[in-house]
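The values are calculated or read from the model by the stated rules, or taken from the named source; none is laboratory data. This structure is a prediction, so every number in the text was calculated from the model and none was measured. For neighbour counting, all protein chains shown are included, and Cβ atoms are generated from backbone atoms with ideal geometry for every residue, glycine included.
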Amino acid sequence: MIASGDVIAFAATADPDRACAFYRDVLGLALVERNAFASVFDANGTMLRVTTVERVDPRPYTVLGWMVEDLEAALGELAGAGVEPLRYDGLEQDAAGVWTAPSGGRIAWFRDPDGNTLSLTQRS
């Protein structure tokens, strides 16, 4: 029953206007609905609810991620919008902030305006 249902992704924001602009204008997600509780986006067929909360307590791990075909191009688009990649101590990342996993996949991280950690992954 659950296995056949669609996944809904969630992120939290304390500033819904700023978050809506980021997810819609910077990440390019289609805004489906906006109300007092959340901004709802179509993330390539997956519903993403950016839920309004009083205070966001950002986690140090990835809460949302996207698989991309061209990591450099995606990072370039983000950089053009003022989004900087995250860098982690002890993790070998290239000049663009990309880490290559043992599997060969390449991953970069960045934050949304509330400090939620997001990622981009390109398979090897």
Inset, instruction - Within the range 98-110, identify whether any single residue is of a type in the set (Gly, Ala, Ser), at pLDDT 95 or above and within 12 Å of the chain's Cα centre (by Cα), and answer yes or no. - result: yes
Legend entry - Residue satisfying all of: in the range 64-96; closer than 16 Å to residue 22 by Cα and aliphatic (A, V, I, L, M); nearest to the chain's Cα centre (by Cα) among these: 64
Legend entry - Subset tally (residues that are under 12 Å from the mean Cα position of the chain (by Cα) and farther than 29 Å from residue 76 by Cβ) for the range 1-57: 0
Legend entry - Complete set of residues in the range 22-31 that are surrounded by 14 or more Cβ atoms within 10 Å (Cβ to Cβ) and in a helix (DSSP H, G or I): 22, 23, 24, 26
Legend entry - Tabulated pairs, the range 9-21, first among the β-branched types (Val, Ile, Thr), second assigned to a strand (DSSP E or B) and modelled with pLDDT of 95 or more, C-beta under 9 angstrom, 6+ apart or interchain: 13/38; 13/39; 13/50; 13/51; 13/52
Legend entry - the range 49-61, subset surrounded by 15 or more Cβ atoms within 10 Å (Cβ to Cβ) and not hydrophobic (A, V, I, L, M, F, W, C), residue nearest to residue 104 (Cα to Cα): 49
Inset, instruction - Working only within the range 87-124, note down all residues that are surrounded by fewer than 15 Cβ atoms within 10 Å (Cβ to Cβ) and either among the aliphatic types (A, V, I, L, M) or in contact with a helix residue (DSSP H, G or I) (Cβ under 6 Å, 6 or more places away or on another chain) (or both). - result: 91, 95, 96, 101
